[in-house]
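One structure below.
The values are calculated or read from the model by the stated rules, or taken from the named source; none is laboratory data. A quick note: this is a predicted structure, and the numbers were derived from the prediction, not measured. When we count neighbours, we look across all protein chains shown, and the Cβ atoms used for this are built from the backbone with ideal geometry, even at glycine.
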Amino acid sequence: MKRGVQRWIVDISAWNFSPSEFTSAMSVLPQQEHSSITRYVKMEDRKRALVSRLLQYAVVHEVFGIPFDKIMIKRTVEGKPYLELDKIGHEFPNFNFSVSHHGDFVAIASEPLCLVGLDIVSHVLPVKETIPEFIEHLSPYFSSTEWSKITNCGTCDNMLEELYRYWSLKEAFVKAIGSGLGYSLDAVEFHHCNWTNISLKIHGKEVRHWRFWHFVLRKRHYVSIAWGHPHMASESYKKALGWIDFEEDEYNMGFDLPDANFKLKTIEQIIPNCLVLECNQSLRIISMVGNFSTT
Ligand SMILES: CC(C)(COP(=O)(O)OP(=O)(O)OC[C@H]1O[C@@H](n2cnc3c(N)ncnc32)[C@H](O)[C@@H]1OP(=O)(O)O)[C@@H](O)C(=O)NCCC(=O)NCCS
């Protein structure tokens with residue numbers, strides 16, 4: 001089961017590409033994924049969308065050995081991507097993954113049995129309003145306990161950091177269960193001890209069978225991972241999972257798997273070698289076409 005636990009991260013600020021290199025990297029993905037990348041207008045957003053999809057295909061390829069062009073990634077109505085499991089067998093009965101992109105990083109986490117949710121929030125300063133105004137606008141998303149922690153933690157910068165950290169935990173949880181915007185976030189209340197020993201209450205009731213991990217990456221990117229029991233998955237996401245009802249000891253097989261450290265990857269490392277060759281060939285073709293049209 002351990003092979004199903006993957007944590008990969010790409011620093012996209014380190015990837016400076018020409019238009020042809022971008023097209024070439026996109027060409028390793030199935031055609032149906034291309035419009036979900038090119039629909040973005042800003043190049044930074046296209047880059048995040050491309051690396052997000054490359055990571056999803058690369059992790060599935062790593063765990064199952066399926067070639068990129070045979071991988072079927074679908075989305076629930078709420079937008080959570082998932083791998084169609086029925087044709088794959090039961091070595092990893094609930095294989096699922098979660099992607100996040102914010103600031104300089106795009107990352108993915110996968111699990112074989114538990115649900116997993118990942119969220120990165122970078123410490124962005126509000127542009128059109130002051131920090132207190134920005135924080136105030138987000139107050140409906142926090143419980144009264146969280147709100148008091150946020151507003152009583154010191155300077156504006158401290159408050160913003162506290163808010164972003166809670167935010168990333170909440171997003172990691174809703175991404176794990178796949179609910180998207182359909183969840184009342186003020187009812188999702190996190191408790192922590194200096195951002196370790198993190199626990200969750202929903203409507204004031206302690207939630208068992210969930211774990212949370214939170215840390216800060218360089219340039220103040222706050223990263224949270226949530227993992228827990230599939231019975232909390234959204235109804236649409238449950239249909240995509242292989243195994244939901246199990247005994248405690250069966251569940252613990254997945255719950256007690258050691259967490260893995262994030263592996264920092266480059267773009268070249270997430271494209272399989274055979275496709276790098278094709279990718280380089282298409283790059284050559286693109287540059288030949290480019291030369292031809294300009295002469
Ligand atoms: C869906 C949602 C969780 C995405 O989070 P985000 O912070 O905007 O963006 P991230 O980069 O972290 O995540 C984007 C990825 O989430 C995944 N995703 C999209 N919808 C999802 C869902 N319903 N469940 C789980 N994952 C989802 C996708 O993989 C997407 O990346 P991709 O399109 O490149 O494949 C978010 O838009 C949302 O619905 N949040 C609801 C909670 C809320 O209102 N929070 C307010 C602040 S507390």
On the given criteria, is Ile66 within 26 Å of His214 (Cα to Cα) and β-branched (Val, Ile, Thr)? no
Cβ-Cβ distance below 7 Å, separation of 6 or more or different chains: which pairs start in the range 156-177 with a residue that is not assigned by TED's automatic domain parsing to the domain that holds Ser98 and modelled with pLDDT of 95 or more and end on one that is acidic (Asp, Glu) and near the ligand (Cβ under 8 Å from one of its atoms)? Ser168/Asp119; Glu171/Asp119; Ala172/Asp119; Lys175/Asp119
Leu118: surrounded by 15 or more Cβ atoms within 10 Å (Cβ to Cβ), within 16 Å of the ligand (Cβ to nearest atom) and either of a type outside the set (A, V, I, L, M, F, W, C) or outside any helix (DSSP H, G or I) (or both), yes or no? yes
Can you find a residue in the range 36-56 that is in a strand (DSSP E or B), touching a residue at least 40 places away in the same chain (Cβ under 8 Å), within 14 Å of the ligand (Cβ to nearest atom) and closer than 23 Å to Ile177 by Cα? no
So, in the range 128-142, exactly how many residues are modelled with pLDDT of 95 or more, assigned to a loop (DSSP other than H, G, I, E, B) and either in contact with a Gly (Cβ under 9 Å, 6 or more places away or on another chain) or farther than 16 Å from Glu189 by Cβ (or both)? 2
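Matching residues to (1) of a type outside the set (Lys, Arg); (2) surrounded by 21 or more Cβ atoms within 10 Å (Cβ to Cβ):
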site: Thr38; (1), (2): yes, no
site: Arg53; (1), (2): no, yes
site: Ile66; (1), (2): yes, no
site: Pro81; (1), (2): yes, no
site: Gly103; (1), (2): yes, no
site: Ala109; (1), (2): yes, yes
Residue check: is His137 more than 9 Å from the ligand (Cβ to nearest atom), within 20 Å of the chain's Cα centre (by Cα) and more than 21 Å from Gln6 (Cβ to Cβ)? no
With the requirement that a residue be outside any loop (DSSP other than H, G, I, E, B) and more than 16 Å from the ligand (Cβ to nearest atom), what does the range 62-103 give you? Glu62, Val63, Phe64, Asp69, Lys70
